[in-house]
Amino acid sequence: MFKGHPKGLFVLSLANMGERFGYYTMLAIFVLFMQAKFGFSADATSTIFGIFLAAVYFLPIIGGFLADYKLGYGNTIKTGIIVMFVGYLLLAIPTGTGLGAKVMMFCALTLIAIGTGCFKGNLQALVGNLYDDPKYSAKRDLAFSIFYMCINIGAFFAPSAAQGVSNYFLGKDGFTYNAEIPALTHQLTIGTITPAATEQFTKLAAEQGYTGTDLAAFGNQYIDSLSQSYNFGFGVACLSLIISMLIFVGFRKYYAAADVTEKQKVEEGNTEVKELTPQQTHDRLVALGLVFAVVIFFWMSFHQNGLTMTWFARDYTAKAVSGFDRFGFSLLTLIPFAVGFYGILNFFQSKESRGKLTATVVAIIGLGLAWLAYSLLPAEMSITPQIFQQFNAYFIVLLTPITVAFFSWLAKRGKEPLAPRKIGIGMLIAALGFVILAIGSHGLPAPADIKATGGVSSMLVSPNWLISTYFVLTIAELFLSPMGISFVSKVAPPKYKGIAQGGWLAATAIGNYLVAVIGYLWEAIDLWMLWGILVVCCLLSAAFLFSRMKRLEKTTSEA
């Protein structure tokens, strides 16, 4: 899987891993931070979250333009890292809750979006450029699978980092995490709290060790502590960007040959610049547009992980796990299990006895350590809503080698589907993921019905419903996202590589904005209906893509 690739792939993947670790650490707690600190409603939170995600993924079009026609890829990427750093730094500074604090937060989000716009698409364009070399061109899809896996290694550790930092600093003030306290405090502040909710608030305050009678003072103290713990979580992103910059700048020699735009090639007198006919350019742009139109609805569905699925984890999922369920909520079990799992995979992939022996030893050690760590876990473990976001990234890390091997097996038999067909299959699988969540939500009270009591249901379901949904959505993502990035790098007209990668991310941006539309429905309809809407969107998108499949596959084959 990792053999025969240019070293630049691993440099760029590690640089991206650092940036994504910071981004997903922030994203894991951002919605919780806004509602806890400022008391934003579900609609207001959805709007802010949707606009931010849309900006993060739309601005790469401008970043691509800057790279293609002005600064070049490398300089644009470095500019993006610096701008993002300032944005995360603003989020990490503790503030009050007034207008100035809100303005500061919005300025931070703007800078993060601009910086990501300069960074993300252009880094992907650099990876694609490495595989324009005929020596490596056959490994393009595999390269983007590796690249995507590294993104998710960073994303996997992010929720645990956010949870660990937040719980540590919250604990220093003598508190433990409870999702109901901020909501009840804000209800008390605006005078909408009911007698039953007041009784519940008094009980929760006592559980936190508060013996006084001024619930407002206790609630504000708790919110201040929780908000500052989130500020420290945002600070983690600053550190990750420093590491990302050091990798990107320090190992430039390994990707320097790819850091040249088509405009720069012309200026340098390069005669190998590839020119397309107007018809070829038109066909490729149409193919890109068709795929972009479909992935909008995938990302609208998938990125519910940071919004409605986080609310589902907070309000409807068990707050503690016991028995074997504990295994998935500790890095001490998950990391060695991943090592052991890779050992098993290498055993079947190795052709020499020595390689099989090494793989066997690695598998035994990894799985043995995982089981030992599991046996030492406490009988019951408390969990926070943000921790669920680790499962998608973890499953990416585990499943990427399997999907790569599966597609390689199909390729050897001449049956590997082209990228557009993989994307269509991914949409069908995504629909199945939300079917699971719809089944798990059946019979639960609607969000509007539990709002008056702090927003947390008395009926809590097993974490396995969410975990199963993440598992299926991960399989869908592996069929769609790395294949889509590879498709764009292959089909994009040479003069518009940066802009085309920005276009892929802009389609993601529109999908991310539509995330908010689903958020608006959170308190309007039953849960199973909410997930059902996403099922229908995924199925209709898949049907549209398959109706245009012949044209898409023709353009892909000719690229």
Practice task
Collect the residues in region 206-225 that are in contact (Cβ under 8 Å) with a residue 24 or more places away in the chain and not in a helix (DSSP H, G or I), keeping them in residue-number order.
Solution key: Gln208, Gly209
Exercise for the section: Output the residues belonging to region 67-94 that are open to solvent by less than 50 Å² (accessible area, probe 1.4 Å) and not in a helix (DSSP H, G or I). Expected result: Gly72
Practice task
Just give me the residues in region 133-144 being part of a helix (DSSP H, G or I), touching a residue at least 60 places away in the same chain (Cβ under 8 Å) and open to solvent by 10 Å² or more (accessible area, probe 1.4 Å), in sequence order.
Solution key: Lys139, Arg140, Asp141, Leu142
Exercise for the section: Report yes if Tyr148 is open to solvent by less than 70 Å² (accessible area, probe 1.4 Å), more than 24 Å from Thr95 (Cα to Cα), touching a Pro at 6+ places or on another chain (Cβ under 9 Å) and of a type outside the set (A, V, I, L, M, F, W, C), otherwise no. Expected result: yes
Exercise for the section: Could you check, for region 501-509, whether at least one of its residues is more than 20 Å from Phe119 (Cβ to Cβ) and aliphatic (A, V, I, L, M)? Expected result: no
Practice task
Among the residues of region 203-227, write down those that are β-branched (Val, Ile, Thr) and modelled with pLDDT under 90.
Solution key: Thr211, Thr213
Practice task
Go through region 529-547 and give me each residue that's touching a Ser or Thr at 6+ places or on another chain (Cβ under 8 Å) and surrounded by fewer than 17 Cβ atoms within 10 Å (Cβ to Cβ).
Solution key: none
Problem - Answer residue from region 174-188, given it is in a helix (DSSP H, G or I) and in contact with a helix residue (DSSP H, G or I) (Cβ under 7 Å, 6 or more places away or on another chain) and is nearest to Ser227 (Cα to Cα) among those - result: Pro182
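Yes or no, residue by residue, for (1) surrounded by 18 or more Cβ atoms within 10 Å (Cβ to Cβ); (2) more than 17 Å from Ala179 (Cα to Cα):
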residue	(1), (2)
Thr194	no, yes
Lys203	no, no
Asp214	no, yes
Phe218	yes, no
Ile242	no, yes
Ile247	yes, yes
Phe251	no, yes
Problem - Single condition Leu418 does not satisfy, out of (1) over 23 Å from Ala287 (Cβ atoms); (2) modelled with pLDDT under 95; (3) open to solvent by 20 Å² or more (accessible area, probe 1.4 Å) - result: (1)
Practice task
Please indicate, with yes or no, whether at least one residue in region 308-321 is open to solvent by less than 20 Å² (accessible area, probe 1.4 Å) and among the acidic types (Asp, Glu).
Solution key: yes
Exercise for the section: Could you please let me know if Gly426 is part of a helix (DSSP H, G or I), more than 19 Å from the chain's Cα centre (by Cα), crowded, with 19+ Cβ neighbours inside 10 Å and not hydroxyl-bearing (Ser, Thr, Tyr)? Expected result: no
Practice task
Just need a number here: residues in region 258-284 that are open to solvent by less than 50 Å² (accessible area, probe 1.4 Å), modelled with pLDDT of 75 or more and not in a loop (DSSP other than H, G, I, E, B).
Solution key: 4
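The values are calculated or read from the model by the stated rules, or taken from the named source; none is laboratory data. Small disclaimer: the values here were computed from a predicted structure and weren't measured. Every residue, glycine among them, receives a Cβ derived from its backbone with ideal geometry; neighbour counts consider all protein chains shown. Ligands, DNA and RNA are excluded from the accessible area calculation, which covers all protein heavy atoms including side chains. Shrake-Rupley method; radii C 1.70, N 1.55, O 1.52, S 1.80 Å.
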